[in-house]
Structures are given as structure tokens and as C-alpha cells.
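**Q** Here it is, the structure, as C-alpha cells.
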Amino acid sequence: MDPILLFHSLIMGLVEGITEFLPISSTGHLILTGDLLGFLDKEKRDVYEIFIQLGAMLAVVWEYRRKIGHTMASAVRPGSERNLLLGIVIAFIPAAIAGLLFSKQIKAVLFNPVCVAIAFIVGGLIILWAEKREHKVAVETVDDLSLKDALKVGLCQCLALIPGTSRSGATIIGGLFLGLSRKAATEFSFFLGIPTLGAASLYSLIKHRDALSADDIGVFAVGFAASFVFAFLAIRALLRFISTHSFAVFAWYRIAFGLIVLGTWWSGLVEWSA
């Protein structure tokens, strides 16, 4: 196995793990990083990028294993646990349908560095707008979330089909607009990521299985493991961060990074793919 290829896979897994649950777009960062590294051919890279999201998803499962286990065990009877489980299922459905209907067209048109950079900037401005508004909390914890609000968060997640938007950003900031507390919005985004990332990864692997071979196992395994480790660290860091800070720092990061990508593209300093 080519050590350079494995090292590039490690970098990609690190990027996925750190960015998946932050409101800065893991897909956007993977597109930009993969483009800079010249990592794999396009079809195989698309499968790889979705597959390593499973590592990030498992990091959520591990971090919240007690909460998830208790919720699953208690969902057999009416109560907040069943309500939360139903809320996750309901919130998952809109993006699943939209992805099946439009993902091919979106990938063909918007999966390029310039579109990602523009989405970074627009998303950053929306986060700043959300933080500037008066935030009235109506839902303090995920256990208090109504099915109607869960559906609304799920509709917000549909925006994440646009690369550079950020699934976490769309659901967390959407949650803030809907009156969720920072902790409730963030944790529900984590939980919603489990079926969303899991379904997307399995669907991609099945659909593109003919493009993969036994030689890809090492590359995929390294990216998967790195994604798990760094997502686990990022989840804990984000929960500590939001207890005392707003999301504005992520907005400014998005805007600055997007402007850098557009600037290097405009000047020709970096030959970003079209």
C-alpha cells in the first residue's frame, strides 16, 4: 500500500472528524482538501468521503451510548424517550427524500471548490444573523423537543445537500431559530446525524460497490479510524465550547476561509478544479 496515499487518507479522516459536527461543513472541507491533495479519482473519492462519515457517526454513538441505550430501552412505552426517537425518525425523512431525488443533480453542479466557498460565506453570514437576534429559549433539552419542531429541524437539514452549507450548521442554527437552547440544538444535531450519516454511507457503498476493490480496504480503514478519533474529540470540545461561547467564531472562520478560496481561485494562485 502506498504510504503517501495512506497519509493522505489520514489527513482526510482528520478533516472529516474535526468538521463533521462543527457548523463549518465537513463536505466542503473534504472537497477542498481532496482537491488540493489530488486524492483518489472522483468516483472513488465520493464513496470514500461518505464512508468515513460512518466513523464520525460511531463517535456520537460511543459518546452518547448510555443516553441512546436508555432511549431505545424506554421507547417501548409512552414518554420523552419515545418522543425523542420519533422526533429523530421524523427529522431524518425530509433530507432522505430530498437526497434521493436531487443528490445526483446537486453533485453534478455544486460539488466544486468555488461553489463550496460561496456557501461557506453565505452560511457564515446566516450564523452571524442568528447570533445577533434575541434568542428566546422554548426548548431547553432534547427531551422537550416536540415532533413538530423535530420536523422543522429536519427540513433545515435539507439545506445541507448544498456542499459547504454544513449539516451541523443547518440543524444547529435552524434549531436556534426555532427556539432550541444551544445544548438542545447541538445534541439533536448529533443524534440526527446517526441515521443521516449511516444511511448515506451504506447507500453509497451499495450503489458504487463495483468501483471498489480489496486494494481500497487499507485507505478506507485509515480514514474511518481517523474520522472516529477526531470526531470524538471534536464532539466533547464543542459541548464545552458552547457552554460559554456563541457560534460567531465559526461564522468568521467560514467567511475568512471562503474568501481565501475565492481569492486564490481568482488570482490563479491555486488551480482549484472547476
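**Q** Just the accessible area per residue of the stretch 232-274, please: how many Å² with a 1.4 Å probe?
**A** On the way: 2720 Å² over 43 residues.
Here the residues of the stretch 232-274 average 63 Å² of exposed surface.
**Q** Give me the tail of P(r) for the stretch 77-201 as a percent: Cα-Cα pairs with distance above 19 Å.
**A** Working: 3706 of 7750 pairs.
The answer is 48 percent, as a whole percent.
**Q** Let me ask something additional. Against the globular-protein guess of 2.2 N^0.38 Å, express the Cα radius of gyration of the stretch 116-274 as a ratio, rounded to two decimals. Write down the numbers at each step before the final one.
**A** Working: Rg = 17.8 Å, N = 159, 2.2 N^0.38 = 15.1 Å.
Compactness ratio reported: 1.18.
**Q** Grab every C-alpha pair in the stretch 210-274, bin the distances at 5 angstrom width from 0 up to the longest one, and report whole percents.
**A** Spelled out per bin, shortest first, that is 3, 12, 11, 11, 12, 17, 17, 11, 3, 0.
**Q** Related question: For the stretch 154-198, what relative contact order do you get, as a whole percent, if you take Cα pairs closer than 8 Å and at least 6 residues apart?
**A** Details: 30 pairs, mean separation 12.4, N = 45.
Here the relative contact order equals 27 percent.
**Q** Would you mind counting up the charge near Phe177? Only other residues with Cβ under 13 Å from its Cβ, with Lys and Arg at +1 and Asp and Glu at -1. Write down the numbers at each step before the final one.
**A** On the way: positive: Lys132, Arg133, Lys136, Lys152, Arg182; negative: Glu131, Glu134, Asp149.
Its environment carries a net charge of +2.
**Q** Roughly how many percent of the accessible protein surface of the chain is carbon and sulfur, given a 1.4 Å probe and a whole-percent answer? Please report the intermediate quantities before stating the final value.
**A** Working: 9100 of 13090 Å².
Carbon and sulfur: 69 percent of the exposed surface of the chain.
**Q** Can you work out the accessible area per residue across the stretch 1-79, with the rest of the protein chains kept in place, probe 1.4 Å, in square angstrom?
**A** Details: 3400 Å² over 79 residues.
Averaged over the residues of the stretch 1-79, the accessible area is 43 Å².
**Q** So, counting K/R as plus one and D/E as minus one, what does the shell of residues with Cβ under 9 Å around Ser80 add up to? Display every interim value, and only then the final one.
**A** Values: positive: Arg82; negative: Glu81, Asp143, Asp144.
Taking every Cβ under 9 Å from that of Ser80, the sum is -2.
**Q** Only Cα pairs under 8 Å and at least 6 apart count here; give the relative contact order of the chain as a rounded whole percent. Kindly include the intermediate steps, with their values, before the conclusion.
**A** On the way: 410 pairs, mean separation 103.8, N = 274.
Once divided by the residue count of the chain, the mean separation gives 38 percent.
**Q** Do the alpha carbons of any pairs in Lys42/Lys104; Lys67/Lys148; Lys67/Lys152; Lys42/Lys107; Lys44/Lys207 sit beyond 20 Å of each other, and which pairs?
**A** Result: Lys67/Lys148; Lys67/Lys152 exceed 20 Å.
**Q** For the chain, what does the convex hull of the Cα positions come to per residue, in cubic angstrom?
**A** Details: hull volume 33.7 nm³, N = 274.
Convex hull of Cα atoms, per residue: 123 Å³.
**Q** Between the stretch 225-274 and the stretch 143-217, what's the alpha-carbon centroid distance in Å?
**A** Centre-to-centre (Cα) distance: 17 Å.
**Q** Between beta-carbons, use under 15 Å as the cut-off and find the net charge around Asp144, counting Lys and Arg +1, Asp and Glu -1. Walk me through the numbers before you get to the answer.
**A** On the way: positive: Lys67, Arg82, Lys136, Lys148, Lys152, Arg182, Lys183; negative: Glu81, Glu140, Asp143, Asp149, Glu187.
Value of the local net charge: +2.
The values are calculated or read from the model by the stated rules, or taken from the named source; none is laboratory data. Just so it is clear, the model here is predicted, and its values are computed rather than measured. Methodologically, a virtual Cβ is constructed for each residue, glycine included, from the backbone with ideal geometry; neighbour enumeration extends over all protein chains shown. Side chains included, ligands, DNA and RNA excluded: accessible areas come from the protein's heavy atoms. Shrake-Rupley method; radii C 1.70, N 1.55, O 1.52, S 1.80 Å.
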